[in-house]
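Visitor: Take this structure first; my questions come after.
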Amino acid sequence: KNEVEQSPQNLTAQEGEFITINCSYSVGISALHWLQQHPGGGIVSLFMLSSGKKKHGRLIATINIQEKHSSLHITASHPRDSAVYICAENTGNQFYFGTGTSLTVIP
Amino acid sequence: EPEVTQTPSHQVTQMGQEVILRCVPISNHLYFYWYRQILGQKVEFLVSFYNNEISEKSEIFDDQFSVERPDGSNFTLKIRSTKLEDSAMYFCASRMLRGGVTDTQYFGPGTRLTVL
């Protein structure tokens with residue numbers, strides 16, 4: 001059964017801090033997705049990874065296929081980064097989601 | 001910038017009624033998805049759709065659910081006889097080609113379904 005585990009569940013950081021959110025998955029995947037869900041509920045896709053590392057602005061996502069683990073890093077965090085960050089694994093054309101990490105960045 | 005749109009934003013219905021949730025994917029996208037998120041819970045995959053047929057579906061997507069692309073622009077999710085537990089936010093998403101250079105999914109803003 002596909003299991004996607006995220007840690008931590010909740011995270012509070014001071015503005016400017018470096019943040020890491022972790023994701024572990026249980027079976028082989030086609031791709032690993034990182035999503036951001038805003039307080040209003042809207043979802044934005046941040047990254048899709050099948051290997052290595054991707055960077056977009058202050059966000060970096062990495063994946064280790066052998067260890068079935070991915071991390072999302074936020075450098076120089078800002079209050080506008082406050083959101084729920086969701087990891088999802090994509091096997092074939094099915095998706096399995098983690099429960100999300102709720103991030104609050106305090107000014 | 002092109003975006004996925006969904007209507008209505010909020011739908012209230014009585015248990016046992018049929019509802020149709022509508023989505024307009026981004027015009028050159030070929031893969032379409034429905035997800036749901038029960039309040040306070042994680043996002044769940046319902047179904048994916050490609051080339052006018054269901055590509056994959058989850059255990060949640062039983063005979064009460066159906067999807068359709070009735071014309072070149074709309075993508076609909078129908079729930080035939082709604083149950084209380086169908087109350088959730090329903091998100092539509094679309095993306096270009098499998099394995100294409102841009103494989104990002106673009107999500108709509110969601111339809112909040114409330115079943116009374």
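Quick note: the coordinates plus some simple rules give every number you see, no bench work behind them. None of the values given here were measured: they were computed from a predicted structure.
Visitor: What Kirkwood hydrodynamic radius, in Å, does chain A give when the mean of 1/r is taken over all pairs of distinct Cα atoms and then inverted?
Guide: Computed over Cα pairs of chain A, the Kirkwood hydrodynamic radius comes out at 13.7 Å.
Visitor: Normalised by the number of residues in segment A:1-95, what is the relative contact order in percent for Cα pairs under 8 Å and 6+ residues apart?
Guide: RCO, segment A:1-95: 35 percent.
Visitor: What is the Cα radius of gyration of the protein assembly as shown over 2.2 N^0.38 Å, N being its residue count?
Guide: 1.01
Visitor: Please list the radius of gyration and Dmax for segment A:1-55, considering alpha-carbon atoms only, with Å as the unit.
Guide: Rg, Dmax (Cα atoms, Å): 13.1, 38.
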